[in-house]
Ligand SMILES: COc1cc(/C=C/C(=O)SCCNC(=O)CCNC(=O)[C@H](O)C(C)(C)COP(=O)(O)OP(=O)(O)OC[C@H]2O[C@@H](n3cnc4c(N)ncnc43)[C@H](O)[C@@H]2OP(=O)(O)O)ccc1O
Ligand SMILES: O=C(O)CCC(=O)C(=O)O
Ligand SMILES: [Fe+2]
């Protein structure tokens, strides 16, 4: 074990290439964080910049047709880019089942999980990863994740891990009407057609679901669970467990706000694709997950995206009345590839398409 912890090559092989992940490292009960995970100070969350008295909006969706609820959603998307929803219609049992399924997947032995590493997986739509992009990240993040790009039920039945597949699909299916409702409301404020055969595929034509696992970390203050980043999705539906640790940057400020776990809630955030389509009206906000010294944490984001083959740019309705386009048009798959070519670095992905 001594050489594993001091030899970066051996450590990377164990964590990244053999399916142990940071979870395997955490289970060795190491007392000190290896250098490979020590983030430069500027990449860690500065706890002095956290404002404990503030919180992102919490919106009750029990009466989702109420125009007032629609206003609150759009206001939150403009002013925070992040909000929590309760009474959203996705059954609590579905949320509990997918959390349990996530724990089941990560509880598999390394030689089982290893089958889902990119180099071994029979499909590139399913991949088990540590950190964000270990080939690119100079310092690794303290997180393992299984990423599944949804193509069809048949493909999922064939290739997604059987210990979690059914629960993950159920969570995706049961979230669909919620996603449509949120997009309808957001389109309405832009003056765009609510949802039709033309805009629905561009807004929600593809979905990726990640199962995130953040194991207990020996020196959590020296590293990150996920570094500051914004999502490249249209919007993200995030399920987190009861541990906490997600922080959101306040709009146009250096300060951060914690997203406290609320039982049965889901967190919604606007992604870069919708910031671009709304010409900057809806905000894709930087967020960050800290590592935890006492508890393992899981979260399950559904990234709701355009199709890879879609050209995205500011919607006509968003630039009517002579407003200048802030973003160039881009093929969505080029935008995502740009995101996956570099480590997390705040909100810099969108610079790729700024006019
Ligand atoms: C914060 O931590 C995160 C966040 C995330 C994700 C956040 C999001 O917002 S995800 C929304 C992403 N949208 C999509 O995934 C759209 C669907 N994707 C695709 O259609 C394709 O993957 C593609 C982007 C069009 C690329 O397809 P293709 O050209 O056929 O080749 P690939 O082999 O699939 O990938 C090319 C390139 O990207 C890298 N990559 C792709 N997917 C992932 C992934 N899930 N994780 C890491 N890296 C990925 C891949 O390595 C390739 O790199 P090359 O340099 O070899 O070209 C996710 C994870 C977090 O920690
Ligand atoms: O774990 C979380 O709470 C957020 C994860 C996240 O931001 C992501 O996977 O993009
Ligand atoms: Fe994110």
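The values are calculated or read from the model by the stated rules, or taken from the named source; none is laboratory data. The shown structure was predicted, so the numbers you read here are calculated from the model rather than taken from an experiment. Neighbour counts are summed over all protein chains in view; Cβ atoms, including those assigned to glycine, are modelled from backbone coordinates with ideal geometry.
Observations, loosely collected:
- Exclusive hit being free of Cβ contacts under 8 Å to residues at least 60 places away in the same chain, in contact with a strand residue (DSSP E or B) (Cβ under 8 Å, 6 or more places away or on another chain) and under 25 Å from residue 319 (Cβ atoms), set 271, 205, 245: 271
- Under the condition of being within 16 Å of ligand 3 (Cβ to nearest atom) and surrounded by 21 or more Cβ atoms within 10 Å (Cβ to Cβ), the residues counted in the range 185-209 number 1.
- Considering 135, 100, the condition of being surrounded by fewer than 16 Cβ atoms within 10 Å (Cβ to Cβ), within 20 Å of the chain's Cα centre (by Cα) and modelled with pLDDT under 95 is satisfied by 135 alone.
- Complete set of residues in the range 283-314 that are within 15 Å of residue 202 (Cβ to Cβ), buried (at least 21 other Cβ atoms within 10 Å of the Cβ) and more than 14 Å from ligand 3 (Cβ to nearest atom): 306, 312, 314
- Of the residues making up the range 85-124, not one is closer than 26 Å to residue 228 by Cα, in a loop (DSSP other than H, G, I, E, B) and touching a helix residue (DSSP H, G or I) at 6+ places or on another chain (Cβ under 7 Å).
- For the range 158-198, a tally of residues being under 30 Å from residue 124 (Cβ atoms) and in a helix (DSSP H, G or I) returns 20.
- Filter pass, residue 176 being closer than 23 Å to residue 60 by Cβ and either surrounded by 20 or more Cβ atoms within 10 Å (Cβ to Cβ) or modelled with pLDDT of 95 or more (or both): yes
- Within the range 34-81, tally of residues that are touching a helix residue (DSSP H, G or I) at 6+ places or on another chain (Cβ under 8 Å) and farther than 18 Å from residue 190 by Cα: 14
- Restricted to the range 216-258, the set of strands (runs of 3 or more DSSP E) holding at least 1 residues that are farther than 16 Å from residue 300 by Cα and more than 9 Å from ligand 2 (Cβ to nearest atom) comprises 226-229, 246-249, 256-258.
- Residue list for the range 138-155, filter: farther than 16 Å from residue 19 by Cα, surrounded by fewer than 21 Cβ atoms within 10 Å (Cβ to Cβ) and at pLDDT 95 or above: 139, 149, 150, 151, 152, 153, 154, 155
- Test result for residue 270, closer than 30 Å to residue 23 by Cα, in contact with a helix residue (DSSP H, G or I) (Cβ under 8 Å, 6 or more places away or on another chain) and more than 10 Å from ligand 2 (Cβ to nearest atom): yes
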